[in-house]
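Okay, structure first, notes after.
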Amino acid sequence: GRYRSSLQSYLQEVVQNTCSHPSVVAISAGSNLDPTAEVTRDYIASAASIVHGETDKLVYYTPLTGMADTISTAADFVGLDGSPYKSSRKLKGFLGAISASSRNNSYWISSVGSQTQIGNHNGYSDPLSLEHQARYLVDAYEAIENGNFSGISVNSFSDWEGAVPHLLQNGHPYLY
């Protein structure tokens, strides 16, 4: 009750703060959601009602990692988290299985990319090299095109310097 009410209030704030921004085309109802649960489907329906009632933006959600959602919800499309797949072969396998089994939903693949080390040019076989990341992204694009998915969000090209060092050292402790 209270938790759902808090989520809906937060979503209304998101809608109010982003509805007139030209680069916002969709609003997420959340991630790591279990669409097989009735309470989740009800929440997605209420989120879609809020967003569609106040804007012309699309609504999406991301199911539990690795889950290929085939359940119909009120969302306009479904996000699939690509971040657990560090191998393009595994990502391609996951996307191929979804493409073959689920024709009812439109999918957007998010967080595709791999961690790299600055200046690492050790070739494709080094998983921290720039060449490996480039090959990974080419393979991901190919899998997304072949599976007829709606789009991709690359999680690799937004380097920024933070004030706090991160745990995954990549040659520069403050580079994210």
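Labels on offer are (i) 9, 31, 30, 23, 6, 0; (ii) 8, 30, 26, 16, 11, 7, 2, 0; (iii) 11, 40, 33, 14, 2, 0, and the one holding P(r) over Cα pairs in 10 Å bins from 0, in percent computed from this structure is (i).
Residues considered: GLN133, GLN16, GLN115. Largest GNM mean-square fluctuation over the chain, using C-alpha springs under 10 Å, is found at GLN16.
Ligands, DNA and RNA left out, the accessible area of segment 32-95 computed with a 1.4 Å probe is 50% carbon and sulfur. In the context of the full set of protein chains, residues of the chain present 58 Å² of accessible surface per residue (probe radius 1.4 Å, heavy atoms only). Taking 0.36 nm per residue of separation and subtracting the current Cα-Cα distance, fully stretching the chain between VAL154 and CYS19 would add 46.2 nm.
Here the Karplus curve 6.51 cos²θ - 1.76 cosθ + 1.60, taken at θ = phi - 60°, turns the phi angles of segment 116-127 into couplings of 10, 9, 4, x, 7, 10, 7, x, 4, 6, 8, x Hz, with x standing for Gly and Pro. What residues qualify as long-range amide H neighbours of VAL78, i.e. H under 5 Å apart, gap of 5 or more or another chain, H built at 1.01 Å from N? Those lying under 5 Å, H to H, from VAL78 are SER106, TYR107, TRP108. Among ALA143, ALA37, ALA75, the largest mean-square fluctuation in a Gaussian network model of the chain (Cα springs under 10 Å) belongs to ALA37.
Looking at the chain only, what percent of DSSP beta bridges run antiparallel? Nearest 5 please. DSSP beta bridges in the chain are roughly 5 percent antiparallel.
Among the helices of the chain, those built from whole DSSP H runs whose Cα atoms reach 15 Å or more along their own axis and whose mean Kyte-Doolittle hydropathy is at least 0.0 are 38-54, 88-101. Only helices enter the 222 nm calculation for the chain: every DSSP H run of n ≥ 4 contributes -39,500 (n - 2.57), and dividing by all residues gives -12500 deg cm²/dmol, rounded to 500.
Across the chain, the relative contact order, built from alpha-carbon pairs under 8 Å that are at least six residues apart, equals 15 percent.
Rolled with a 1.4 Å probe across the full set of protein chains, the surface gives VAL14 an accessible area near 40 Å². Under a Gaussian network description of the chain, with springs only between Cα atoms under 10 Å, the residue in ILE144, ILE118, ILE109 that fluctuates furthest is ILE118. Taking 0.890 mPa s as the viscosity and 25 °C as the temperature, the Stokes-Einstein diffusion coefficient of segment 1-105 based on its alpha-carbon Kirkwood radius rounds to 167 µm²/s.
The values are calculated or read from the model by the stated rules, or taken from the named source; none is laboratory data. Quick caveat, the model's predicted, so the values are computed rather than measured. In case anyone asks, the SASA skips ligands and DNA or RNA and just uses the protein heavy atoms, side chains included. Shrake-Rupley method; radii C 1.70, N 1.55, O 1.52, S 1.80 Å.
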